Amino acid sequence: MLDAADPTGSLLGKDPFRKLLRQSSEVRNDKDWVKVVSATFVELRKKDYTKEALQQVAFGGMQRMIKAVDSDGGILPANYSPFSTPASGGIGVTIRVCDGIARVTSIADDGPASRAGVRPTDSITTVDGRSLTGLTAGNVIDLLRGPRGTDLRVGVRRSGSGEVADLEIVRNEIRTVSVRPASMIDAHTGYIGLNNFADGTDRDFGHAISDLAAKGMRRLVLDIRDNAGGPFDQAIRLAMRFLPRGDLIVSTRGRVRNSDSDYRATEANPWVELRLAILVNGVTAAGAEVLAAALQDNRRAVVVGTQTFGSRSVQSVYRVAGGSRISLTTSRWFRPKDTAVPSGGIAPDILADGPPCGELVIGSANDRQLQRALETFKEGR
């Protein structure tokens with residue numbers, strides 16, 4: 001709770017938390033600890049701290065409690081959503097922090113940022129006067145999100161010229177697209193990028209790959225860089241599209257007895273012989289790793305890029321009082337060739353660094369990982 005509330009006291013004041021820190025060092029059992037925390041909250045309420053500030057501390061404390069027993073678990077307040085909702089908005093950019101700088105890697109067509117003149121490879125320096133130095137990509141996105149229709153001032157440094165522009169941008173509803181628009185790189189090579197996994201990803205992917213096949217596609221680059229996963233079943237369904245019936249996709253081992261499962265390809269699909277290269281990086285995680293591991297272990301795809309994140313947990317989400325949700329690890333997943341406790345990310349077949357920090361436009365001519373994937377097709381891999 002001290003960490004969540006800012007131990008310097010800038011959020012809620014110094015004295016109550018210094019007292020809590022002092023008293024906590026004398027606690028010898030859980031019952032006494034609850035008394036200390038309860039007394040601290042009573043003292044805070046007397047000092048007219050806001051309800052929102054108290055909730056922030058409470059959720060921070062609960063988050064740390066859950067993390068203590070489940071490092072991959074967490075709690076999400078009722079008003080939190082990782083994606084935009086009709087009541088919330090954003091500016092329509094994808095951010096990657098590289099060399100300490102928040103760079104725009106892609107931008108939504110006709111979104112607020114695009115209309116304001118923000119371009120890929122620009123960097124965002126400030127949001128409402130706050131410097132972004134030292135923040136993570138998630139921190140930056142949190143600052144850019146907010147109620148739909150509200151405005152914010154964004155400092156943007158132009159790539160190339162270094163000129164800094166101070167732009168006023170009005171947040172709007174941003175629909176998160178799981179499957180990016182598919183395209184043909186050359187006469188026979190298709191490209192599909194997956195931002196994440198969501199309900200309907202497999203369906204949308206099916207439409208995209210069929211469209212490419214109609215244009216003459218004979219090989220495919222599947223880009224799951226920066227894809228942090230999503231619904232487990234969607235990753236399995238996508239893997240099935242490329243594997244012969246009976247091939248093992250993934251195994252799960254649960255916390256409770258008789259909850260272990262093996263997931264295999266169960267259907268005949270037209271893409272089981274399609275030449276395939278998969279792009280991954282250090283942000284590729286969870287369900288995206290399930291897909292990459294299944295196709296790599298079954299020798300159906302060449303994996304190109306850098307080592308993936310290494311998330312092997314399967315999460316279940318439980319709703320609790322007030323609409324909040326608790327996410328807990330209910331099982332661990334194992335790739336087809338796993339024989340021991342899962343750990344670490346997926347090592348690519350071909351190690352290739354990503355684009356330079358100043359040239360992070362995914363799919364551009366200077367995308368070195370994409371170019372290396374195309375070379376594998378020429379090499380006959």
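Just wondering, is there one or more residues in the stretch 362-371 that are open to solvent by 20 Å² or more (accessible area, probe 1.4 Å) and modelled with pLDDT of 80 or more? Looking through the stretch 362-371, at least one residue is open to solvent by 20 Å² or more (accessible area, probe 1.4 Å) and modelled with pLDDT of 80 or more.
For the stretch 123-141, residues that are of a type in the set (A, V, I, L, M, F, W, C) and either open to solvent by 80 Å² or more (accessible area, probe 1.4 Å) or part of a strand (DSSP E or B) (or both) total 2.
Pairs linking a residue in the stretch 162-190 that is of a type in the set (Asp, Glu) to a residue that is modelled with pLDDT of 90 or more and buried (at least 16 other Cβ atoms within 10 Å of the Cβ), with Cβ atoms under 6 Å and 6 or more positions apart or on different chains, are ASP166/GLY155.
If you go through the stretch 298-307 and pick out every residue that is open to solvent by 10 Å² or more (accessible area, probe 1.4 Å) and over 15 Å from LEU238 (Cβ atoms), you end up with 4. Test MET184 against the criterion of being surrounded by fewer than 17 Cβ atoms within 10 Å (Cβ to Cβ), among the hydrophobic types (A, V, I, L, M, F, W, C) and under 24 Å from LEU279 (Cβ atoms), and give yes or no. Yes. Looking only at residues in the stretch 202-220 that are closer than 29 Å to ASP262 by Cβ and in contact with a strand residue (DSSP E or B) (Cβ under 6 Å, 6 or more places away or on another chain), which one is most open to solvent (accessible area, probe 1.4 Å)? Filtering the stretch 202-220 for residues that are closer than 29 Å to ASP262 by Cβ and in contact with a strand residue (DSSP E or B) (Cβ under 6 Å, 6 or more places away or on another chain), the one most open to solvent (accessible area, probe 1.4 Å) comes out as ASP204. Among the residues of the stretch 211-263, write down those that are of a type in the set (A, V, I, L, M), touching a Leu at 6+ places or on another chain (Cβ under 8 Å), closer than 16 Å to ALA288 by Cβ and not in a strand (DSSP E or B). Within the stretch 211-263, ILE224, ALA235, LEU238, ALA239 qualify.
Listed by first and then second residue, the pairs linking a residue in the stretch 88-102 that is of a type in the set (D, E, K, R) to a residue that is open to solvent by 10 Å² or more (accessible area, probe 1.4 Å), with Cβ atoms under 8 Å apart and 6 or more places separating them unless they lie on different chains, are ARG96/ARG103; ARG96/ALA137; ARG96/ASP226; ASP99/CYS357.
Selection of first residues in the stretch 117-145 that are free of Cβ contacts under 8 Å to residues at least 12 places away in the same chain and of second residues that are β-branched (Val, Ile, Thr), restricted to Cβ pairs under 8 Å at least 6 apart or on distinct chains, gives the following pairs, ordered by first then second residue: SER131/THR125.
Residue count for the stretch 264-285 under the criterion of being open to solvent by 20 Å² or more (accessible area, probe 1.4 Å) and either of a type in the set (A, V, I, L, M) or assigned to a strand (DSSP E or B) (or both): the result is 5. Every test in (1) open to solvent by less than 30 Å² (accessible area, probe 1.4 Å); (2) not in a strand (DSSP E or B) is passed by VAL156 save one, and that test is (2). Within 30 Å of ARG119 (Cα to Cα) and either under 20 Å from the mean Cα position of the chain (by Cα) or at pLDDT below 90 (or both), is that true of VAL320? Judged against the criteria, VAL320 is not a match.
Table: residues versus (1) assigned to a helix (DSSP H, G or I); (2) closer than 21 Å to SER178 by Cβ; (3) at pLDDT below 80.
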| site | (1), (2), (3) |
| --- | --- |
| VAL104 | no, yes, no |
| SER114 | yes, yes, no |
| PRO120 | no, yes, no |
| LEU143 | yes, no, no |
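The values are calculated or read from the model by the stated rules, or taken from the named source; none is laboratory data. Note that the structure is a prediction, hence the values are computed from the model and not measured. In this analysis, Cβ positions are derived from the backbone assuming ideal geometry, glycine residues included, and neighbour counts consider all displayed protein chains. Just so you know, the surface numbers come from the protein's heavy atoms only, side chains and all, with ligands and any DNA or RNA stripped out. Shrake-Rupley method; radii C 1.70, N 1.55, O 1.52, S 1.80 Å.
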